[in-house]
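Notes to accompany the following structure.
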Amino acid sequence: KSCQTGKISTAEAAVQSHTSRDAGVQTDQSKDAVQDFQQEVRVDYTSLLSFLQRVEDAVIKELNKNWKSRAFDGFEVNWTDQNETVLCLHTLSYPEAQDQNLQVTSVSWNATGSVVACSYGRLDGGDWSTEKSYVCTWNLDRRGLNPQRPDLVVDVPSSVMCLAFHPSQPSLIAGGLFSGELVVWDTSRTEDPVIWKTGMTDDTHADPVYQVNWLPDAKHRNHARLLSVSTDGKILVWREERDGRLALAEGFAMVAQQIPRSTQLKKFAWGEAAVGVTSLSFSHFDPRVFVVGVEGGYSLKCSTAAETLALHRAGSSVPLRAPAELAFSPHGGPVYSVSCSPFHRQVLNLFLSCGTDGQVHLHSMLQTQPLVSLQLSKKYLFCVRWSPVRPLVFAAASGEGNCNKCLCFTGDVHLFDFGKSSQKPAVSLKQAAGERPVNCLEFNIKQTRLLAAGDATGTVKVWQLSSDFTEQGPREMNRLEQLASEITD
């Protein structure tokens, strides 16, 4: 017998009507309904009070638990789209500076995070101290941005070695010159932007200024002071005067004989040349504490509260003090850059240093030996910066030299993430096509996805970082503390 059913017959028929009609279905609101809606809602206050009294202890217990919880430490809601790759948004340059073979010596973001500035000069050998140089700015939010035409170009008679925008006034920018002078420009004044300068006096640095920082003025909230460092070994603090002059307010001097060092460090030779200051970074935990890098390869912990006078430092209008408190284990060559961690707790005082030996040292200010020594590459490392938003991320600028007579460099920007690896960069970005070094870089504190880097070709590249480098993971601070404690143990 077969279980197959008989063939099923089917047929299709059109069901579309030939006409259509609209009909309103909104009911008219009656006066009674309005009155019912407007009547006050009746609340049983006695029952409500009884309920609140019953749950009061439990609610307070949970609120106290949440208040003490660290489950969401470092978490911020991200309302922007996710970016999975690092992109080059802008390639900025000033053709006239490039025609003179000038290099980008420094980059800085203004207080709003929308304007990037760069200084032009030279970091290679040669008698170029009298050459004209430039400071250029670009507003990245401006429509019709021309990457080869800066919004502002300031002509400077001496090479500009470093820049720093004012932390709260977007139009003010300070620069340190090869001549040892300091200048402050107001970028809102296109005719004569110079508003303060030191001039050439007995107080002026005798060597090029390699870093300048803005400091808050404790006595005058509306004023700021400038700090400058130089390879002449001086760290000077300047105050503004009404006549457009920067006057020396206080100062420090690095003297080899006055630098404390442990027995492990005594085997290294010390001399006047070893204490030329190349870089400086203030602690975010204690504003009196700062770290400097010197030509002798050392990083030194210093304090603005130092009272001991520096030896053999005559000719200054104010007494110079010896600020060094501790010398850390040295690099194999001059230290070019130091960067204190912006993430601090009571037990964590970390900083990064890098130099010509191609290494990055992760240090605690509590011990002389580095927690981590990273041979990032065989290349020179000219700059290192800690991420302002990721405790486990930092960036380094590099370039490798093969001979003394010519610049045979490969310039890269390295992004390092301790969360992924403690030995190698997470990403290495090719910055300069002409195999020239990357001299400087800065994270954007306001627009945290942006990173600017300047190189020896005279080009500034603005990189847009991926979400991996800008979004802090859960308990990331704890992971950094754990990393430091594991290495220390």
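Note on exposure: Trp214, Trp238 ranked by accessible area (1.4 Å probe, complete protein assembly) read Trp214, Trp238, with the most exposed listed first. Distance check, please: which entries in Lys378/Lys420; Lys68/Lys420; Lys68/Lys301; Lys197/Lys446; Lys132/Lys379 exceed 25 angstrom between their Cα atoms? Distance filter (> 25 Å) returns Lys68/Lys420; Lys68/Lys301; Lys197/Lys446; Lys132/Lys379.
Available extension along the chain between Val55 and Asn101 is 9.1 nm, counting 0.36 nm per residue and deducting the alpha carbon span.
Looking at region 126-249, the accessible area is 49 square angstrom per residue; that uses a 1.4 Å probe and ignores ligands, DNA and RNA. Modelled label positions at Asp151 and Ser467, each set 7 Å beyond Cα in the direction of Cβ, lie 3.0 nm from each other.
Overall shape of region 296-342 was characterised from the C-alpha gyration tensor. The equivalent ellipsoid obtained from it has semi-axes of 24, 14, 10 Å, in decreasing order.
Measuring r between the beta carbons of Arg242 and Leu366 and using R0 = 41 Å, the FRET efficiency lands at 0.40. Placing R0 at 45 angstrom, the Cβ-Cβ distance between Gln423 and Ser69 gives a FRET efficiency of 0.85 after rounding to 0.05. Backbone geometry of region 189-198 corresponds, through the Karplus equation with coefficients 6.51, -1.76 and 1.60 at θ = phi - 60°, to 3J(HN,Hα) couplings of 9, 7, 6, 9, x, 6, 10, 9, 7, 7 Hz, x marking Gly and Pro. What FRET efficiency comes out for Lys446 versus Ala11 if R0 is 60 angstrom and r is the Cβ-Cβ distance? Round to the nearest 0.05. E between Lys446 and Ala11, to the nearest 0.05, is 0.25.
Between Ile195 and Leu309, full extension at 0.36 nm per residue minus the direct alpha carbon distance yields a gain of 37.8 nm.
One chain, two ends: Gln375 and Leu89. Fully extended at 0.36 nm per residue, the span grows by 100.0 nm beyond their Cα-Cα distance.
For region 95-170, chymotrypsin sites (Phe, Trp or Tyr not before Pro) are listed when DSSP marks them as loop and at most 10 other Cβ atoms sit within 10 Å of their Cβ; the list is empty. When you count the other C-beta atoms within 10 angstrom of each residue and take the mean per peptide, 140-151, 187-198, 318-329, 55-66 line up highest first as 318-329, 187-198, 140-151, 55-66.
Spin-label pair Tyr45-Lys132: with each label point 7 Å from Cα along the Cα-Cβ axis, the two points sit 8.2 nm from one another.
The values are calculated or read from the model by the stated rules, or taken from the named source; none is laboratory data. Note that the structure is predicted; figures quoted are calculated from it, not measured. Using ideal geometry, Cβ is built from the backbone for each residue, glycine included, and neighbour counts are taken over all protein chains shown. With ligands, DNA and RNA removed, areas are computed over all heavy atoms of the protein, side chains included. Shrake-Rupley method; radii C 1.70, N 1.55, O 1.52, S 1.80 Å.
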